[in-house]
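What follows is one structure encoded as structure tokens, with my remarks underneath.
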Amino acid sequence: WSFCACKARGIDGSQQQSPSPVWDDLFEQLAAADPYNRQKSIHNGNLLYNHSRPWIDHVSLQGYEDETPTLRAAYAKPLIWDEVRYEGTLPQSWGALSGQEEADRFWWGASLGVYTGHSEALLRPAVADDEQPLWWAKGGDLIGSSPARIGWMRELFTAAGLVPLDFGQLVPTQEYFRQAGSPVANQLSAPGAFYYLHFSRTGFWRVPLPNSTRGWRLLRLDFWAMASTETHLPPGVQEANVEIDSLPANVIIA
């Protein structure tokens, strides 16, 4: 279940002085009426709800990307970027992402320890506006170029032997390249065993690594081609040299 605290769903949240009283009552009624205890959250409007409430299972967030690390740490609950705009061909900016832009948002979210929601708003040619079978509004078949790339990403993160912990147990940080002066990459890791880096700057970077008796695998990921290039780092190596010449860029060291 997910409530939506926004004007577009029929409630003008901009007039509320507090995000809590009305929603608390609705959540309590819903919890009492649902014997299956299905997952519950709230899609924010201009005010953020108090997601520490016991009936909230996960944080459903639109916007606030820069505050995501703080919110994730504060609530200690799974965090979902509920709307990151859509792969589509609508005239509105929210429905006009390229497939590459849509897919990259999943890597960006993952680097912050966030689950990302997908949607699609691709217009079919020679179809009247009111007949368009937009997946965003009506469901049906996905025809965009991002779903396959997102699926490849999921397979990578769930591959046996690569990621040692469940996604929710991995630790996000933006403080890995302190010598750079400003953030170079978001990093999601199981310290000492797995590091995923989503780079925001080009350049030549040295990634410090703990000593490993088995060495390290360095995978340069081309999410659009759905391919990876692997380099083996021998035991005793305590840094990986990574050159980033274009963005987006994703690297896994495991």
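What is the residue count in the stretch 121-139 for residues that are surrounded by fewer than 13 Cβ atoms within 10 Å (Cβ to Cβ) and in a loop (DSSP other than H, G, I, E, B)?
Total satisfying the criteria: 6.
Taking only pairs six or more apart or across chains, which ones have beta-carbon atoms under 6 Å, a first residue in the stretch 199-224 that is not assigned by TED's automatic domain parsing to the domain that holds Gln100, and a second residue that is surrounded by 15 or more Cβ atoms within 10 Å (Cβ to Cβ) and charged (D, E, K, R)?
The qualifying pairs are Phe223/Arg149.
Report yes if Asn186 is touching a residue at least 40 places away in the same chain (Cβ under 8 Å) and closer than 20 Å to Ser146 by Cα, otherwise no.
In short, no.
Condition first: under 16 Å from Gly113 (Cα atoms), out of contact with any Phe, Trp or Tyr (no Cβ under 7 Å at 6 or more places or on another chain) and surrounded by 13 or more Cβ atoms within 10 Å (Cβ to Cβ). Can you find one or more residues in the stretch 178-188 that meet it?
Yes: the stretch 178-188 contains one or more residues that are under 16 Å from Gly113 (Cα atoms), out of contact with any Phe, Trp or Tyr (no Cβ under 7 Å at 6 or more places or on another chain) and surrounded by 13 or more Cβ atoms within 10 Å (Cβ to Cβ).
Working carefully through the options Leu142, Leu162, Leu156, Leu170, find the one that is surrounded by 13 or more Cβ atoms within 10 Å (Cβ to Cβ) and more than 27 Å from Tyr195 (Cα to Cα).
The conditions single out Leu142.
Residues Trp152, Trp94, Trp135: which one is aromatic (Phe, Trp, Tyr) and outside the structural domain of Trp55 (by TED's automatic domain parsing)?
Sole residue among the options that is aromatic (Phe, Trp, Tyr) and outside the structural domain of Trp55 (by TED's automatic domain parsing): Trp152.
Before we move on, is Trp152 more than 25 Å from Ile42 (Cα to Cα) and of a type in the set (Phe, Trp, Tyr)?
Yes: the conditions hold for Trp152.
Please specify each residue of the stretch 119-155 satisfying the condition of being in contact with a strand residue (DSSP E or B) (Cβ under 9 Å, 6 or more places away or on another chain) and charged (D, E, K, R).
Scanning the stretch 119-155 gives a single hit, Glu120.
The values are calculated or read from the model by the stated rules, or taken from the named source; none is laboratory data. Fair warning: this is a prediction, and the values are worked out from it, not measured in the lab. Heads up, the Cβs are rebuilt from the backbone with ideal geometry, glycines too, and the neighbour counts pull from every protein chain shown.
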